[in-house]
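Reading through the structure tokens given below for one structure.
The values are calculated or read from the model by the stated rules, or taken from the named source; none is laboratory data. Small disclaimer: the values here were computed from a predicted structure and weren't measured. So basically every Cβ, Gly included, is an ideal-geometry build from the backbone, and we count neighbours across all protein chains shown. When the accessible area is computed, the model is the full protein with side chains, heavy atoms only, and any ligands, DNA or RNA have been set aside. Shrake-Rupley method; radii C 1.70, N 1.55, O 1.52, S 1.80 Å.
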Amino acid sequence: MVHYPKPATSIQQQIAQLQSEGLIIPDIAQASKILEHIAYYRLRAYWIIFETSANPRKFKPNTNFNDVLNLYLFDEELRTLTLSLIAKIEVSLRANFSNLSIKFNNPHFYLEHNNFKQFDIYIRSLSKIQNSLKNNKDELFIAHYLSKYTTPQLPPVWSVAEILTIGELYYWIINLHDGVLDEIAKNYGFSSREVFISGLERLSIIRNVCAHHNRLWNRIIVKKQLKQVKQKNYLSEALSQDEHSNKTFYGTFCYIIYILKQINQSSANDAITKFNNLISKYQINLKSMGFSDTWQELPLFNRQ
């Protein structure tokens, strides 16, 4: 058993420690205020790239506290942008799932387990819907159904889909029988259901990273890597530019733009413009995120 040896330190002690390790802090009062609201340990994730060594820690020459803050604020805005883009995809997925009511000729098709592959996944997914309904009784469309109808006990799919997160949608969609899943994948320009599913899983992970305010910009996704795109198109071409695109933000951004192009070209154009503006505002080097110097020249990122 090893006892944790580090004591709690005051903000003044934290600043003194950083200065002793070579970090330039031009405005002590400003740094103190920032550390009151952004915890030292949280900010540490953003100054690691400025270190020359970790034990003992030393900063690269001329590293300024404002450099660290600049990166932190960039990541904050990147999460906001990414979350808004995933929201557009989430709304589209809800519509595609709801529209299966036409294929099955049943607004409550999701209540029939035979429409899905694995019973255990189906039961868990249905249980989450039931819990979500309890937590969303104040939604007008939910309250209306529950007050007016007694059977089926749960609302039609177009109401239920509106309270599903992208993570919950992911499990409903991947559990559809392969033929139905293939049709949805084709709606988003994927000939492979495996690649489509891989992209959805990545978006679910990244959405949670953003929603919980975790570091995004140079995060490496190790557990759930993106499947290789075998079909030759502008997505596969873009992903091939970075050998690590299956686990970097660049790969995630490629999937987001590709799917947005299938939904609405103007949404994709707007996303690329906002991302570029963000990079220009904070003067970020994109290589740590997996981007090449010529990424904007790729057909995927053409704004038509």
**Prompt:** For Gln262 and Thr151 in one chain, what is 0.36 nm times their gap in residues minus the Cα-Cα distance, to one decimal in nm?
**Reply:** 36.3 nm
**Message:** For a protection proxy built on the mean count of beta-carbon atoms within 10 angstrom, sort 105-117, 194-206 highest first, please.
**Reply:** 194-206, 105-117
**Message:** Just to confirm a number: summing +1 for Lys and Arg and -1 for Asp and Glu over residues other than Tyr282 whose beta-carbon lies under 12 angstrom from that of Tyr282, what do you get?
**Reply:** -3
**Request:** Using Cα positions and a limit of under 19 Å, work out the aspartates and glutamates in reach of Lys281, with same-chain residues fewer than 8 apart set aside.
**Result:** Asp67, Asp75, Glu76, Glu77, Asp270, Asp293
**Dipole magnitude of the stretch 2-132 about its Cα centre (Cβ charges: Lys, Arg +1; Asp, Glu -1), debye to nearest 20** = 360 debye
**Request:** Round to the nearest 10 and report in Å² the accessible area of Glu168, as given by a 1.4 Å probe over the protein chains' heavy atoms.
**Result:** 40 Å²
**Item:** Label-point separation, Lys6 to Glu139 (7 Å along Cα→Cβ), nm
**Value:** 4.2 nm
**Request:** Show Arg79, Arg44 ordered by accessible area, largest first, where the area counts protein heavy atoms only and the probe is 1.4 Å.
**Result:** Arg44, Arg79
**Dipole in debye (nearest 20) - the stretch 221-304, about Cα centre, beta carbon charges: Lys, Arg +1; Asp, Glu -1** = 340 debye
**Prompt:** Treating the beta-carbon of each Lys and Arg as +1 and of each Asp and Glu as -1, no other charges, what is the dipole magnitude of the chain about its Cα centre, to the nearest 20 debye?
**Reply:** 340 debye
**20 Å Cα-Cα reach of Lys117 towards lysines, excluding residues that sit fewer than 8 places from it in its own chain** = Lys103, Lys128, Lys186
**Message:** Order Lys281, Lys274 by their accessible area, 1.4 angstrom probe, all chains in place, largest first.
**Reply:** Lys281, Lys274
**Item:** Max mean-square fluctuation residue, GNM over the chain, Cα-Cα springs under 10 Å, options Thr252, Thr294, Thr82
**Value:** Thr294
**Asked** In straight Cα distance, which lysines are under 26 Å from Lys6, not counting same-chain residues fewer than 8 positions off?
**Response** Lys33, Lys58, Lys60
**Asked** If each of Ala211 and Ile24 carries a label point 7 Å out from its Cα toward its Cβ, how far apart are those two points in nm?
**Response** 4.2 nm
**Asked** Which whole DSSP H helices in the chain pass both tests: a Cα extent of 18 Å or more along the axis and a mean Kyte-Doolittle value no lower than 0.0?
**Response** 65-98, 193-211, 249-263
